[in-house]
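The values are calculated or read from the model by the stated rules, or taken from the named source; none is laboratory data. Computed from a predicted model, the values in this text were never measured in an experiment. So basically every Cβ, Gly included, is an ideal-geometry build from the backbone, and we count neighbours across all protein chains shown. We work out accessible area using only protein heavy atoms, side chains counted, and drop any ligands, DNA or RNA first. Shrake-Rupley method; radii C 1.70, N 1.55, O 1.52, S 1.80 Å.
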Amino acid sequence: MDLVAAAERIGAALLRPLAETVDVDGVPRSHLDALAAAGLLGIAAPTDAGGSDLTPAVARRVVETLAAADATTWFVWTQHHTPVRAVRRSSNTDLRSHLLPELAAGRLIAGVAYTHLRRPGAPALRAEPDGAGWRFTGDIAWLTSWNLADVFCIAAQHRDDVVWAVLPLAAGPTVEPQPLALAAMAGTHTVAVRLTGLRVPTESVAVVEPLAQWREQDAARTADVSPAVFGVTADALRRLAVLGEERADESMRALAGELGRRLDTLRAQADELADQAVTEPTEDLTHARLATRAAAHVLSVHATTALVAAGGGRSMSLDNAAQRLARTATFLLVQGQTGPVRSATLQVLASR
């Protein structure tokens, strides 16, 4: 199955036409079911569990395609794959055999909460041993897919280790969801959650690993630009070019062409650096990847801002794609942000 073609088909027929509605009303389960039916929820799962185990190059194009069509649905969709990877590498064979085929097929949808692990200082979410299991206590600042996902992969810190658990969550005495008023990605069903002694049985634990090891791997992953950034930028430039044609405005067409060439250059550069980092993870290469990520983000903000300006006052309507794309580009500036990512982004902005 050509999953890039499947993403293009679903994006054109379902996601893009409803993107503004989804941005306001929220991602419906039917969107995720359509992606599951096309095999797109198993891209990180092994083939022996019913997944497709996509290569990084193909996965990048799937991500870019879905984000270009509807970044809100993309963001809910992309949350699913971290739990899949956690279960895939688990030594808990019962958890793996039970959950992995269900997640790969999309019969179960998963959300994830782990970005608090990037914060210095006292743990935001603590794991304490409790008999044969654990108790999780603390605050999750950002949990996507609330009341949409069937299970959540939650990371809590115990001393110098991280405990990854996969289990259902519902409001109750030990789970207190708190609404978030978001300027972007409001349709992702995202809440803050306070856990107070949430019981986590051993059978729900996927992985226990050193926090330092996870942070090192996370820093390596986040050095690369998400292909979603390229998707949002490409869609903004496509719309800018169409608007230029409709209005016979050469300045719009010329700008769309110029920024499109920059986009192509950065995408090729990002792909090359990401592939090179697999075999040559040098410090110089990391600096180059961070610089490319920062440049891609700034280009995305530039392109979406250009679309807002070209559209004029109607760009401020919630049923207009320009403001949605501009807000999304701003969100992507901070999505997956670490200290080095922030510094690289600010450096590029300071040079302009």
Next item on the list: For region 12-108, build the charge dipole from Cβ charges (+1 Lys, Arg; -1 Asp, Glu) around the Cα centre, then report which of Leu35, Thr65, Ala45 sits farthest towards its positive end.
Entry: Ala45
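Hey, got the dipole for region 62-220? About the Cα centre, +1 on K and R Cβ, -1 on D and E Cβ, debye to the nearest 20?
Details: 13 positive and 15 negative charges, 19 e Å.
It comes to approximately 100 debye.
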Note to self: Report the Cα centroid-to-centroid distance between region 204-278 and region 161-192 in angstrom, as an integer.
What the structure shows: 27 Å
Notebook entry, point to check: Can you give the accessible area of Trp214, probe radius 1.4 Å, in Å² rounded to 10?
Noted result: 10 Å²
Notebook entry, point to check: At a 1.4 Å probe, what is the % contribution of carbon and sulfur to the accessible area of region 63-144?
Noted result: 51 percent
Next item on the list: State whether region 1-90 is rounded, prolate or oblate according to the following rule on the C-alpha gyration tensor (a ≥ b ≥ c being the square roots of its eigenvalues): a/c under 1.5 gives rounded; otherwise a/b larger than b/c gives prolate, and the remaining case gives oblate.
Entry: prolate
Item checked: Full-stretch length increase - Asp48, His98 - with 0.36 nm per residue and alpha-carbon distance subtracted -> 16.7 nm
Notebook entry, point to check: Just how far, in whole angstrom, is region 68-133 from region 305-352 if you go by their alpha carbon centroids?
Noted result: 28 Å
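Keeping every protein chain present and rolling a 1.4 Å probe, give me the accessible area per residue for region 65-172 in Å². Please report the intermediate quantities before stating the final value.
Numbers: 4030 Å² over 108 residues.
With all protein chains present, region 65-172 gives 37 Å² per residue.
To the nearest 0.05, how large is the calculated FRET efficiency for Arg159 and Glu258 if R₀ is 51 Å and r is the Cβ-Cβ distance? Don't jump to the answer; show the numbers that get you there.
Values: r = 53 Å, r/R0 = 1.04.
Once the sixth-power term is evaluated, E becomes 0.45.
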Check: Rounded, prolate or oblate: which one fits region 81-236, using the alpha carbon gyration tensor with axes a ≥ b ≥ c (rounded when a/c is under 1.5, else prolate when a/b beats b/c, else oblate)?
Finding: rounded
Checklist line | Solvent-accessible surface ranking, highest first, for Glu280, Glu203 at 1.4 angstrom | finding: Glu203, Glu280
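Please tell me the relative contact order of the chain in percent, rounded to the nearest whole number, where contacts are Cα pairs under 8 Å and at least six residues apart.
Details: 617 pairs, mean separation 57.2, N = 352.
The value is 16 percent.
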Next item on the list: Pairs of Cα atoms under 8 Å, at least six residues apart: use those to get the relative contact order of region 16-124, whole percent.
Entry: 30 percent
Margin query: Please report, ordered by residue number, every helix of the chain (full DSSP H runs) that is 27 Å or longer along its axis going by C-alpha atoms and whose mean Kyte-Doolittle hydropathy reaches -1.0.
Written below: 227-247, 250-279, 283-311
Check: Let a ≥ b ≥ c be the square roots of the eigenvalues of the Cα gyration tensor of region 38-134; is it rounded (a/c under 1.5), or, if not, prolate (a/b larger than b/c) or oblate?
Finding: oblate
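What's the extension gain from Asp150 to Gln347 if we count 0.36 nm per residue and subtract their Cα-Cα distance?
On the way: separation 197, 0.36 × 197 = 70.92 nm, distance 4.06 nm.
Extra length available between Asp150 and Gln347 comes to 66.9 nm.
Before rounding to the nearest 500, sum -39500 (n - 2.57) across all DSSP H runs of length at least 4 in the chain and divide by the residue total; then give [θ] at 222 nm in deg cm²/dmol. Working shown, then result.
Numbers: 13 runs with 186 residues, N = 352.
Computed ellipticity for the chain at 222 nm equals -17000 deg cm²/dmol.
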Item checked: For region 297-352: accessible area per residue (Å², 1.4 Å) -> 46 Å²
Next item on the list: Name the residue farthest towards the positive end of the dipole of region 86-189 from the options Thr174, Ala127, Gly187, assuming +1 on Cβ of Lys and Arg, -1 on Cβ of Asp and Glu, about the Cα centre.
Entry: Gly187
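Assigning unit charges at the beta carbon (Lys, Arg +1; Asp, Glu -1) and nothing else, what dipole magnitude in debye, to the nearest 20, does the chain show about its Cα centre? Don't skip to the answer; put the middle values down first.
On the way: 33 positive and 38 negative charges, 116 e Å.
Charge dipole of the chain: 560 debye, to the nearest 20.
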